[in-house]
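Notes follow once the structure below has been shown.
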Amino acid sequence: MTNRAVILAGGDGLRLRPLTCTKPKTMLPVCGRPIIGYTIDALRRNGYTSVFIAADRLSKAVTDYLDDSPGTDFIISSSPAGTCRPIADAAEAAGMSDEDDITIVYGDLLFETDLSAALEFHRKSLADITAVTFSTDKPSGCTLVSVRDGLVVNVIPDPARESCVSELAAAGIFILSGSAAKKAESYEDLLTEFIPDMIRNGGKVLNFTAKGIFIDVNETDDLFTASNAVLEGLIPAPEENIVRNAGKFSELKLDPPVCIAGSADIAPGAEIGRKTVIGENVTVCRGAKLNGAIIMDGAFIGERATVNNAVVGTGARLLSGAAVFEGASVGDSAVIAEQAVVQCGVRIWNGRRLDSYACAGQDIKYGFLTPARIGEDGICGETGSVITPQTAAVIGSSLASLGGKIGIGWKDNPASKSLALAIASGVTAAGAEAWLFGSCTAPALEYCTARSRLSAGCRADAGVTAKISFCSGDGLPLSRSEEKIIEGGLNRSEYRRAGFMHFGQLRDTEAITGLYKNMLEETAPKSLTGIKAVLNTSGGTVTDMCGGIMKRISSKNGSAVVFHIGSDGTGASAYTEETGYVFEEKLILICCADRFAKGADVSLPYDFPRAADRLAERYGRKVLRYSGCPSDSGDREARRLAAKTPFIRDGAALALTVLRVLESRKISLAEALAELPEMAVATRFVAVDKRPVKLLRKICTEEQQASGDGIVLNDKRGRVMIRPVKTEKGVMMKVESFSMEAASELCDFYQDKLKQLEASDRL
């Protein structure tokens, strides 16, 4: 009697993604050979002369391989989702009678056993179906078979832990009679439909417990199990690439057994640990360390790179110092840049990139990952791919390291609220309290955080791009040490994890934003005489907080002052027919002049124009300066004072303060501006390839001075401040001069100078 078999090779291999995104699971290599090659050879050793391969997905890869395997027939299944139709197709193609039999083998199976005994048992017992099983002490994750008096009474695919009542696991091999194989045509799935229906209808479904090796490759760990079995000689395989002693590889630090393809290029000094597999055309550079790793064809492992018990896909590149740890998978053509780290169990999808020094603590399926840095606007990235709820939860847990109470607000849309709630879950999971301020502006968050004496605050603002912004407990920007704590959580998972009894509280404190609105009410004048105040903003929350106040105090008759406030509540400008547009710096100076006249000092950001200092001298007062991201506590007094003057950072507070000054002095905006020192300010971003700090050192002379995060250049035409941009390769210039034309000319001059210095470095 002819021994026939059909290998079901159409599985998607979802649990093996990204390794199976471009190739079927059956074509994944194990020590240089596809899984299906081992399955075919095992059937040949057991006397099977007619082998059918059934596949529907990425089938060309299978057919190309089978061209070198005579005696096999290829079947394209007409039912891509099922396993039964290919069985009926194979039976028809083989011209089987009802008395014949066919062996079904799942294509992700490596095995070594004697099937002749199972075939003899099946034929003598005249069974409809014989399930080949093996005894296991680890039933979870297997397909279990319940047997009573030799009859199969139940098949339990992927059972729950409580259902693991049998010690018999399905080997992935079933022998069907010709009549049973023909009946399979009307079913879809063998395990969940056909066999259970045969049992219910009194079919003769028997069990045969075999001895041997059975490895079902469903997850990444199974690839390592399969490779180890081949290297240990438990699964027969060609020995041409198996290295069982150092021999010709004496220049390497090698711990056999390993598998090294003949075309692999391994530099002297590389370390190849036990049970490592290196595919064709792989390059391994000096100082690289591979331990129990699977490196697929065409991959590049750079100098001092490390791969521990992880898989590196076809054509992937690990650059100098990169590291991939236990259970991780790096997809085909992915790039892990210099000093980047892929943590345990993380999957990097095909073609993705992990930038230098980044640390992937979660799967990267879309876009690429750069080391998380808090930039000028906080942490920014594409919503749903770079900034995800998972990322937000990690941000929350990292924030909790700053203290026990964290204020959280969001922009008024569903995406922002979702990210904010994810941040809150991370905060509570780390044992801190999350205070939910609700929909609010950035200044409202800062004010309420400070008034409530919280440890820190953050706000989610999500559109196409998401922005997570932060403030310290005083409502001002975070210090550099605080930023590093949050960045450490994102990049290296350095955050607290609370046990069940120590989760923090989630507090609905939306009503607390009433404190902010009360502050605006107190800031505004009781009424305006001869001034019609108009608010122009795209932010609904800003309108809710400030619009009603302006409408209430505004004069029905008089000249209009139109205030433009950003949707997040920061920044304000004004417009009148007499003055034209008046930008934020001049509005702040109007407020500062009022404070100076009342005998008070003012604290301003380090990069605010020095016109404020000249104005302070006029009144015998002084200006304190605080850093946007202080590295120490040297500006503590300046920050304390700044916390008491919200108009510096709050567009609504600034607009209302200006109106109060105008009303109290009975002057127009034009008259207030006429009292200020002459000033024009221009800003410009300049992209550079070199490290900005290096260029700034060259441009700075003994006559220049350091300031905050950059340098100050005192030119006869004005004052130039240049600072590196935290998250980009470039610098920001802020130029103060007597006219806008002069300020723009200074920008042009120093931009050209920076480019000249950068060019000279390349020569």
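No value in this document is a laboratory result; all are computed from the given coordinates. Quick caveat, the model's predicted, so the values are computed rather than measured. Cβ sites come from the backbone with ideal geometry, for glycine too, and all protein chains shown count toward neighbours.
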*Lys and Arg at +1, Asp and Glu at -1: add these up for the other residues within a Cβ distance under 12 Å of Thr283 and post the number.*
-2
*To the nearest 20 debye, what charge dipole does the chain have about its Cα centre, counting +1 at the Cβ of each Lys and Arg and -1 at the Cβ of each Asp and Glu?*
3120
*Apply the Debye scattering formula to segment 448-561, with a single equal point scatterer on each alpha-carbon and no solvent, then give log10 I(q)/I(0) at q = 0.19 Å⁻¹.*
-1.18
*Any idea how far the Cα center of segment 191-242 sits from the one of segment 284-330, in Å?*
29
*Cα gyration tensor of segment 259-316 - equivalent ellipsoid semi-axes, whole Å, descending*: 14, 12, 10
*Using a 10 Å cut-off on Cβ atoms, rank the peptides 86-93, 395-402 from the highest mean neighbour count down.*
395-402, 86-93
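If you take the Cα atoms of segment 239-369, find Rg, then find the Kirkwood Rh from the mean of 1/r over all pairs, what is Rg/Rh? Mind showing how you got there, number by number?
Working: Rg = 13.6 Å, Rh = 14.1 Å.
With Rg and the Kirkwood Rh in hand, the quotient comes to 0.97.
Past 29 Å, Cα to Cα, is the threshold; run Lys517/Lys734; Lys417/Lys484; Lys726/Lys755 against it and keep the listed order.
Values: Lys517/Lys734 33 Å; Lys417/Lys484 25 Å; Lys726/Lys755 19 Å.
The pairs that break the limit, which is 29 Å between Cα atoms, are Lys517/Lys734.
Might you report the magnitude of the Cβ-based charge dipole of segment 525-674 about its Cα centre, with Lys and Arg at +1 and Asp and Glu at -1, to the nearest 20 debye? Please list the in-between numbers first.
Values: 22 positive and 17 negative charges, 120 e Å.
I would put it at about 580 debye.
How big is D for segment 379-515, in µm² s⁻¹ as a whole number, if Stokes-Einstein is applied with the Kirkwood radius of its Cα pairs at 25 °C and 0.890 mPa s?
173
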*With contacts defined as alpha carbon pairs under 8 Å and 6 or more residues apart, what's the relative contact order of the chain in percent?*
6
*Cβ-based net charge around Arg684, under 11 Å, with every Lys or Arg adding one and every Asp or Glu removing one*: 0
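Compare the peptides 22-30, 437-445, 741-749, 345-353 by average per-residue count of other Cβ atoms within 10 angstrom and give them in order, highest first.
On the way: 22-30: 23.3, 437-445: 26.4, 741-749: 17.0, 345-353: 20.4.
Taking the mean over residues of other Cβ atoms within 10 Å, the ranking is 437-445, 22-30, 345-353, 741-749.
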*Around Arg244, with a cut-off of 14 angstrom between Cβ atoms, what is the net charge of the other residues, counting Lys and Arg +1 and Asp and Glu -1?*
-1
*Cα to Cα, under 30 Å, and not fewer than 8 places away if on the same chain: which lysines meet these conditions relative to Lys204?*
Lys124, Lys138, Lys182, Lys183
*Which of rounded, prolate, oblate describes segment 4-46, given a ≥ b ≥ c as roots of the alpha-carbon gyration tensor eigenvalues and a/c under 1.5 marking rounded, otherwise prolate only if a/b is larger than b/c?*
oblate
_Potential extension, Glu522-Glu338 segment - 0.36 nm per residue separation minus Cα distance_ = 60.8 nm
_Cβ-based charge dipole, segment 379-515, positive-most Cα from Gly426, Tyr447, Phe437_ = Gly426
*Whole-Hz ³J(HN,Hα) from phi, Karplus 6.51 cos²θ - 1.76 cosθ + 1.60, for segment 635-642, glycine and proline x*: 9, 4, 5, 5, 5, 4, 5, 4
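What does the highest-first list of 289-297, 664-672 look like by mean Cβ count within 10 Å?
Sorting 289-297, 664-672 by mean packing, highest first, produces 289-297, 664-672.
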*Over all distinct Cα pairs, what is the inverse of the mean 1/r for segment 305-432, reported as the Kirkwood hydrodynamic radius in Å?*
15.5
*Determine which lysines satisfy two conditions relative to Lys25: a Cα distance under 22 Å, and not lying fewer than 8 residues away in the same chain.*
Lys60, Lys275, Lys365
*In segment 525-674, what is the count of Lys pairs whose alpha carbons are under 30 Å apart, counting only pairs at least 8 residues apart or on separate chains?*
29
*Would you please report the Å³ per residue occupied by the convex hull of the alpha carbon atoms in the chain?*
209
_Whole-number D in µm²/s for segment 463-514 (Stokes-Einstein; Kirkwood sum over Cα pairs; 4 °C, 1.567 mPa s)_ = 92
*So what's the back-of-envelope 222 nm ellipticity for the chain, counting only DSSP H runs of four-plus at -39500 (n - 2.57) apiece and dividing by all residues, rounded to 500?*
-8500 deg cm²/dmol
*Give me the Kirkwood hydrodynamic radius of segment 479-628, using the inverse of the mean 1/r over all pairs of distinct Cα atoms, in Å to one decimal.*
19.2
